[in-house]
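The values are calculated or read from the model by the stated rules, or taken from the named source; none is laboratory data. Because the structure is predicted, anything quoted here is derived from the model rather than measured. Here the Cβ positions follow ideal geometry from the backbone for every residue, glycine too, while neighbour counts run over all protein chains shown. Keep in mind that these areas ignore ligands, DNA and RNA; they rest on the heavy atoms of the full protein, side chains included. Shrake-Rupley method; radii C 1.70, N 1.55, O 1.52, S 1.80 Å.
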Amino acid sequence: MKEATAFAPASVGNIGVGFDILGHTIAGPGDRATVRRIAAPKIRIASIRRSTVELPLEPQLNTAGAALIALHAAIRPSFGFEIELDKGIAFGSGMGGSAASCVAALVAANALLDAPQTPEQLYPYALAGEAVASGGYHGDNVGAMLLGGVVLATHDRLVRVPVPAAWHCVVVHPDTTLETRHAREALKGAYALTEFVAQSAHLALVLCGCHQGDANLVRAGLRDVLVEPRRAALIPGFAAVKQAALDHLALGASISGAGPSVFAWFDSEVAAELAAPAMRVAFADAGLPSEAFVSPINGPAAAIVR
């Protein structure tokens with residue numbers, strides 16, 4: 001193959017209780033990357049389409065370009081890569097837009113290699129790409145996109161977390177932006193040891209609930225006591241949106257990634273569909289139009305589409 005196009009889905013980073021280490025994908029929105037072999041052994045970005053903001057074409061400043069620079073440096077092929085990006089995830093939405101471009105480009109480039117690598121082998125290059133946007137090496141978004149579904153992503157390992165097929169999520173994206181770096185500034189300051197203990201317990205309950213298919217365990221654990229209290233004020237109407245989800249029997253609700261999108265988990269598609277309009281109304285009451293996505297929590301992995 002001389003050219004390939006890959007699609008990487010949007011994602012929910014952190015899943016409330018797993019800051020920087022837990023994420024899952026959603027069906028629907030996503031980014032596409034078309035990558036082709038070029039004779040020169042370098043990386044270049046030819047175009048970025050459908051972006052509402054100007055994104056850098058310099059490969060070292062772009063998540064997709066940086067990921068392929070890392071891949072190219074590691075395997076040293078005789079050829080280079082040219083990238084075209086088609087954005088389908090809004091900038092600063094908290095839905096993994098920077099990660100999706102990075103992973104889509106990696107998956108497309110990988111298909112052009114003489115010896116393609118596994119998703120796990122691509123993970124370090126995805127981390128390098130994501131760091132361009134977020135300023136840190138964390139895999140909650142890229143890990144989920146590489147494997148699909150719910151993924152625990154440490155600095156050197158990806159672990160797929162099983163979730164019942166019936167469980168669904170709602171992600172509501174308000175018409176506003178919140179850049180990851182700005183949202184991380186809100187997290188500076190002192191934390192009590194009791195907060196870490198509580199958050200650890202909540203993460204353990206969510207993971208056990210997923211593995212056992214026990215919605216009650218997830219409901220007991222899906223409560224972020226570390227990050228959400230410090231970021232909630234950055235999202236107009238957040239408390240009301242979260243309460244709307246809980247009023248519709250959500251297993252839990254919190255900030256998707258760095259925000260401003262809000263996600264909620266449900267034990268059925270019907271419950272998720274019923275909650276989505278109420279969550280949008282809560283954002284509207286705060287003066288923000290929004291769009292809602294309903295998806296299985298076991299969302300798709302990034303894949304070649306052409």
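Observations, loosely collected:
- Portion, in percent, of the accessible area of the range 121-267 that falls on carbon or sulfur, probe 1.4 Å: 58 percent
- Kirkwood Rh, angstrom, the range 109-268 [1 / mean 1/r, Cα pairs]: 17.2 Å
- The angle separating the long axis of helix 97-111 from the principal Cα axis of greatest extent in the chain is about 40 degrees.
- Given +1 at the Cβ of Lys and Arg, -1 at the Cβ of Asp and Glu and no other charges, the dipole of the chain around its Cα centre is 620 debye to the nearest 20.
- Converting phi to 3J(HN,Hα) with the Karplus coefficients 6.51, -1.76 and 1.60 and the offset θ = phi - 60°, the range 26-39 yields 10, 7, x, x, x, 10, 10, 10, 9, 10, 10, 6, 10, 5 Hz in sequence order, with x at every glycine or proline.
- Magnitude of the charge dipole, the range 1-154, Cβ model with Lys/Arg +1 and Asp/Glu -1, debye to 20: 380 debye
- The long axis of helix 193-212 is offset from the longest Cα principal axis of the chain by roughly 80 degrees.
- In Hz, Karplus ³J(HN,Hα) per residue of the range 235-249 (6.51, -1.76, 1.60; θ = phi - 60°; x = Gly, Pro): 10, x, x, 4, 4, 5, 5, 4, 5, 4, 5, 5, 5, 9, 6
- With Cα atoms defining each centre, the range 248-306 and the range 22-54 are spaced 24 Å apart in the structure.
- Globularity index of the range 1-71 is 1.32 (Cα radius of gyration / 2.2 N^0.38 Å, N = number of residues).
- Estimated [θ] at 222 nm from DSSP helical runs (n ≥ 4, -39500 (n - 2.57)) normalised by residues in the chain, nearest 500: -11500 deg cm²/dmol
- D_trans [Stokes-Einstein, Kirkwood Rh over alpha-carbon pairs] for the range 172-222, 37 °C, 0.692 mPa s, µm² s⁻¹: 247 µm²/s
- Note that the chain presents 40 Å² accessible area per residue, ligands and nucleic acids not counted, probe 1.4 Å.
- Cα gyration tensor category, rounded, prolate or oblate, for the range 1-156 with a/c compared to 1.5: prolate
- Put simply, the convex hull of the Cα atoms in the chain casts, on average, a shadow of 14.5 nm².
- Between residue 38 and residue 75, the distance separating the two model label sites (each 7 Å from Cα on the Cα→Cβ line) works out to 1.8 nm.
- Direction-averaged projected area, Cα convex hull, the range 73-140: 5.0 nm², rounded to one decimal.
- Amide H to amide H distances under 5 Å link residue 139 with no residue, where only residues 5 or more positions off or on other chains count and H is placed in the peptide plane.
- The range 1-154 - share of DSSP beta bridges that are antiparallel (%, nearest 5): 75 percent
- A straight chain from residue 197 to residue 214 at 0.36 nm per residue would run longer than the Cα-Cα distance by 3.9 nm.
- In order along the range 61-77, the Karplus-derived 3J(HN,Hα) couplings, from 6.51 cos²θ - 1.76 cosθ + 1.60 at θ = phi - 60°, round to 9, 10, 4, 5, x, 5, 5, 6, 4, 5, 4, 5, 5, 7, 9, 6, x Hz, and Gly and Pro are given as x.
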